[in-house]
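The values are calculated or read from the model by the stated rules, or taken from the named source; none is laboratory data. Bear in mind the structure is a predicted one, so any value in this text is a computation, not a measurement. Here the Cβ is made from the backbone with ideal geometry for all residues, glycine too, and neighbour counts use every protein chain on show.
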Amino acid sequence: MPIVALIGQTNAGKSSILNRMAHKNIAIVAREEGTTRDNVVATIDDSFILIDTAGLKDPTDDFEASIQDQIADAIESADVILVTLDSSKYFDHRDAKIAKDALRSKKPVYLVLNKCDLGESLPITEFRALGVAPERTLYVSATTGQGIREVKEKILAECLLLGLRSSGSSPRTDAASPLKIALIGRPNVGKSSLFNTLGKKQQAVVSSRQGTTRDVNRVRIKYKGREIEILDTAGLRKPGKREVGIEKFSAVRTLAAIEEADVCCLLIDSTEPHSKLDQSLAGQIVEAGKGIIMVVTKGDLLDGAEPTNYFGEENVGNRTAADFLLDALEKDYDFLPYAPVVITSSETGTNVTQIFELASEIDAARHTEVKTSELNKILAAAVVEHAPAGLKNTHPKPKYIVQTDTCPPWFVVHGHDLSLLHWSWKRYLERKIREKYPFMGTPIMFSYRSDGQKGKPDED
């Protein structure tokens, strides 16, 4: 998908613009400057990827210098660039530098002047010195939505001119659409080898040296009559260990691939199963609302291996190294009890095609729609079995629940004082729903709306 980057100084409203365009709260929005500290990625109307970057601040601060690197990476990785300014303020030398760097990339650059609803917007002539053509200068309001549709239309038109894939179609909902599977993981975990085995072609360069894959490789196949597109991404290391430039550029592409995919395979090295980075990647996949499969690679190395070599535990009875590995995964990923685990080997081909079977089942689960009557039976039983207690000696009262979306399944609970519900009861309700509707490999989202509540419900 085409990648569009929002860049600009702090407090220009980039996060609010992303949230408005995505129709949901993805980025953290606050009045304080510098709230966004990392790239935030969202798929917009299934047509392009929008990246919200952190603002530009004092380059003498090491932390802020890294934010400048992120902006540079976003400019390098983007197909279209949106330079964002506060329309009520005169631009300064930092704004001029951002615009200059963007224009120097020779990519389509639009000047997005936010907060035009405040009635204090400066005339367009005040911004011409930045070098962006007047026809590419747009006034918007992330608060009211004014001008947002025009920005989307400009982006789509620009992508079509560039020959990029941007159909503007609605999200995929039918079984005839390609099922997109992204391979996500650390460097040298075996993504390219698995990619080649799945695609039965040597599409990617396989190397024992870390970091061979720098962009997203793709291959389309047919499995049992269903078209499947496999995305092989660059390995992600910890942010502090990423090299400036091409590796961070690859990281942006990988995050965009997560947004584009229907199901993500989190690859875990059987010889190094314990990794906080793997857990972090799993969290990013879940937050994006994507299906997830935990794929253990290099499974052939477990054959005949002593469990003590991997997990520091003594072998008990007839238990194998694979048994201990599964125990370790269950402990490290206790927040993913619904994610299936498959142990594979690209060398022998063991369990590789099982990924297609699991992905198809997860895709069906992502599209599951539960009848409102069934949901309310589950809710009523949950309340009777374990009445919810709130904060500060309050007694929230969930009244009814409805499903409002799929991919991922999204449920809205209505009732009294639901903002005070304890998190443990929310997790309890999710477990009760999954008892009847497992939603295998699929995160499910909840919102809670109290009686008389205005605006958007509280999201969980």
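The number of residues in region 238-266 being part of a loop (DSSP other than H, G, I, E, B) and at pLDDT 85 or above comes to 2. Restricting attention to region 377-397, the residues that are touching a residue at least 24 places away in the same chain (Cβ under 8 Å), outside any loop (DSSP other than H, G, I, E, B) and surrounded by 15 or more Cβ atoms within 10 Å (Cβ to Cβ) add up to 4.
Taking each residue of region 278-296 that is in the same structural domain as LYS331 (by TED's automatic domain parsing) and over 16 Å from ALA365 (Cβ atoms) and looking for partners that are of a type in the set (Phe, Trp, Tyr) and not in a strand (DSSP E or B) with beta-carbon atoms closer than 9 Å, six or more apart or interchain, yields ASP278/TYR333; GLN279/TYR333; GLN279/PHE335; ALA282/TYR333; ALA282/PHE335; GLY283/PHE335. Scanning region 267-282 for residues that are surrounded by 22 or more Cβ atoms within 10 Å (Cβ to Cβ) and not in a helix (DSSP H, G or I) yields LEU267, ILE268, SER270. Taking region 8-101 as the region of interest, the strands (runs of 3 or more DSSP E) fully inside it that hold 2 or more residues being modelled with pLDDT under 75 are 40-44.
Annotation: THR406 fulfils all but one of (1) without any contact (Cβ under 8 Å) to a residue 12 or more places away in the chain; (2) under 25 Å from GLY291 (Cα atoms); (3) not hydrophobic (A, V, I, L, M, F, W, C); the unmet one is (1).
The condition (being of a type in the set (Ser, Thr, Tyr) and either in contact with a Cys (Cβ under 7 Å, 6 or more places away or on another chain) or not in a loop (DSSP other than H, G, I, E, B) (or both)) is satisfied by just one residue among THR350, THR404: THR404. Does GLU227 count as at pLDDT 75 or above, outside any helix (DSSP H, G or I), surrounded by fewer than 16 Cβ atoms within 10 Å (Cβ to Cβ) and not assigned by TED's automatic domain parsing to the domain that holds THR43? Yes; evaluated as a whole, the condition is true for this residue. Every condition in (1) modelled with pLDDT under 90; (2) farther than 23 Å from ASN217 by Cα; (3) out of contact with any helix residue (DSSP H, G or I) (no Cβ under 8 Å at 6 or more places or on another chain) holds for GLY145 except the one numbered (3). Can you tell me which residue within region 93-121, out of those that are among the charged types (D, E, K, R) and crowded, with 21+ Cβ neighbours inside 10 Å, is farthest from ILE3 (Cα to Cα)? Filtering region 93-121 for residues that are among the charged types (D, E, K, R) and crowded, with 21+ Cβ neighbours inside 10 Å, the one farthest from ILE3 (Cα to Cα) comes out as LYS115. Given the structure, is THR137 polar (S, T, N, Q), in contact with a Leu (Cβ under 6 Å, 6 or more places away or on another chain), at pLDDT 85 or above and in the same structural domain as ASN19 (by TED's automatic domain parsing)? In short, yes. For region 204-221, the criterion of being at positive phi, modelled with pLDDT under 90 and touching a Pro at 6+ places or on another chain (Cβ under 7 Å) is satisfied by at least one residue. No other residue among GLU369, GLU374 is touching a residue at least 60 places away in the same chain (Cβ under 8 Å) and surrounded by fewer than 15 Cβ atoms within 10 Å (Cβ to Cβ) apart from GLU374.
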